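S.K.: Just dropping this structure here.
The values are calculated or read from the model by the stated rules, or taken from the named source; none is laboratory data. If you're wondering where the values come from, they're calculated on a predicted model, not measured in any experiment. Reconstructed Cβ throughout: ideal geometry from the backbone, glycine too, with neighbour counts over all protein chains shown.
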Amino acid sequence: MIDPRFVYLAAVLSIVGAYGYIRDTLRGTTSPNRVTWSLWGVEGILAFAIELQQRVGIASIMTLMLGLGPCVVVAASFHNPRAVWRIGAFDIFCGALSVLGMAFWAMVNEPTVALVSFVVADQLAALPTIRKSWKAPETESSRVFFMGFLNTAITLMTLHTITTAGALFPGVIMIADLMLALVIVTRAGPRFRGEAPSSMPIGAS
């Protein structure tokens, strides 16, 4: 365990990552999937509320950042018409399942079961961006996900004791962010398909 105050460093890293992604979105060089980022914003803020109830401590600051950052990304996507990824049936399907997961979370009285359903909902929301990063990594920015990996890892290390309430949400996000960052940086999708560097325009689907 490290000093719990390192969570403030994690929050700064989150801000740095979000700033770069928002800047690229405003420039039109990054095209966020609004399904993913809208749900991430809602789920992050709800998870923050859960952690306050569970008395997780200052580590919940990081969870709040996980909600606020995506909200600003979605707002930024409306500033630049090029910064729009066309929503398809797969995105809507994943988004609907994620909303159902959140509804189940709201109805379940068992805290651990509710939290697991909430985390599943969060990862369902991530699937459209994972798919997009595989298909068109040039429409994504990897730094926000690398920073997400680092700040959630730091947050986990600040926990006095590892509990489901405190560790599950940031732990799953840490793994997902690392996977996204690597898929984007390595251009794993195009390499796997044997494609030349893509010139797919922003917003294509």
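S.K.: Only one of (1) touching a residue at least 40 places away in the same chain (Cβ under 8 Å); (2) within 16 Å of W37 (Cβ to Cβ); (3) aliphatic (A, V, I, L, M) fails for I61. Which number is that?
M.R.: With (1) touching a residue at least 40 places away in the same chain (Cβ under 8 Å); (2) within 16 Å of W37 (Cβ to Cβ); (3) aliphatic (A, V, I, L, M) applied to I61, the lone miss is (2).
S.K.: Could you please find all residues in the stretch 146-163 being of a type in the set (S, T, N, Q) and outside any helix (DSSP H, G or I)?
M.R.: Passing the criteria: T158, T161, T163.
S.K.: Take the residues of the stretch 79-95 that are more than 24 Å from V120 (Cα to Cα) and aliphatic (A, V, I, L, M): which is surrounded by the fewest Cβ atoms within 10 Å (Cβ to Cβ)?
M.R.: V84
S.K.: Additional query: Just checking, does the stretch 151-165 include any residue being surrounded by fewer than 22 Cβ atoms within 10 Å (Cβ to Cβ) and either farther than 16 Å from S60 by Cβ or touching a strand residue (DSSP E or B) at 6+ places or on another chain (Cβ under 6 Å) (or both)?
M.R.: There is at least one residue in the stretch 151-165 that is surrounded by fewer than 22 Cβ atoms within 10 Å (Cβ to Cβ) and either farther than 16 Å from S60 by Cβ or touching a strand residue (DSSP E or B) at 6+ places or on another chain (Cβ under 6 Å) (or both).
S.K.: Pairs please, first residue from the stretch 179-193 and on the phi > 0 side of the Ramachandran plot, second anywhere and surrounded by 15 or more Cβ atoms within 10 Å (Cβ to Cβ) and part of a helix (DSSP H, G or I), Cβ atoms under 6 Å, 6+ apart in sequence or on different chains.
M.R.: R187/P137
S.K.: Restricting attention to the stretch 139-148, report how many residues are among the hydrophobic types (A, V, I, L, M, F, W, C) and either within 27 Å of A103 (Cβ to Cβ) or surrounded by fewer than 22 Cβ atoms within 10 Å (Cβ to Cβ) (or both). Give the steps one after another, and end with the answer.
M.R.: Of all residues in the stretch 139-148, those among the hydrophobic types (A, V, I, L, M, F, W, C) come to 144-147.
From what's left, either within 27 Å of A103 (Cβ to Cβ) or surrounded by fewer than 22 Cβ atoms within 10 Å (Cβ to Cβ) (or both): 146.
Final tally of qualifying residues: 1.
S.K.: Picking from S31, S14, which residue would you name as being touching a Leu at 6+ places or on another chain (Cβ under 8 Å), surrounded by 24 or more Cβ atoms within 10 Å (Cβ to Cβ) and among the small types (G, A, S)?
M.R.: Of the residues listed, the single one that is touching a Leu at 6+ places or on another chain (Cβ under 8 Å), surrounded by 24 or more Cβ atoms within 10 Å (Cβ to Cβ) and among the small types (G, A, S) is S14.
S.K.: Let me ask another. Given the structure, is A76 modelled with pLDDT under 95, within 20 Å of the chain's Cα centre (by Cα), surrounded by 13 or more Cβ atoms within 10 Å (Cβ to Cβ) and farther than 18 Å from A47 by Cβ?
M.R.: On the way: modelled with pLDDT under 95: yes; within 20 Å of the chain's Cα centre (by Cα): yes; surrounded by 13 or more Cβ atoms within 10 Å (Cβ to Cβ): yes; farther than 18 Å from A47 by Cβ: yes.
For A76, the condition - modelled with pLDDT under 95, within 20 Å of the chain's Cα centre (by Cα), surrounded by 13 or more Cβ atoms within 10 Å (Cβ to Cβ) and farther than 18 Å from A47 by Cβ - is met.
S.K.: For the stretch 82-113, name all the residues that are more than 24 Å from A47 (Cα to Cα) and free of Cβ contacts under 8 Å to residues at least 12 places away in the same chain.
M.R.: A89
S.K.: Now for a separate question. Looking only at the stretch 1-37, which residues are of a type in the set (A, V, I, L, M, F, W, C) and in a loop (DSSP other than H, G, I, E, B)?
M.R.: M1, I2
S.K.: Hey, does the stretch 96-108 have a residue that's part of a loop (DSSP other than H, G, I, E, B) and either among the aromatic types (F, W, Y) or surrounded by 21 or more Cβ atoms within 10 Å (Cβ to Cβ) (or both)? Explain how you work it out, then say what you get.
M.R.: Initially, the stretch 96-108 is screened for residues part of a loop (DSSP other than H, G, I, E, B), giving 108.
Filter once more, so that each one left must be either among the aromatic types (F, W, Y) or surrounded by 21 or more Cβ atoms within 10 Å (Cβ to Cβ) (or both): none.
No: zero hits.
S.K.: Out of everything in the stretch 166-175 that is surrounded by fewer than 19 Cβ atoms within 10 Å (Cβ to Cβ) and in contact (Cβ under 8 Å) with a residue 12 or more places away in the chain, what residue ends up being farthest from F192 (Cα to Cα)?
M.R.: Only one residue tops the list, namely L168.
S.K.: Given A136, A125, which one is over 20 Å from M62 (Cα atoms), buried (at least 21 other Cβ atoms within 10 Å of the Cβ), aliphatic (A, V, I, L, M) and within 18 Å of the chain's Cα centre (by Cα)?
M.R.: Just a single option satisfies the conditions, and that option is A136.
S.K.: Every residue in the stretch 82-95 that is part of a helix (DSSP H, G or I) and touching a Pro at 6+ places or on another chain (Cβ under 7 Å), please. Please lay out each step first, then the result.
M.R.: Step one: list which residues in the stretch 82-95 are part of a helix (DSSP H, G or I), which gives 89-95.
The answer is F90, D91, C94.
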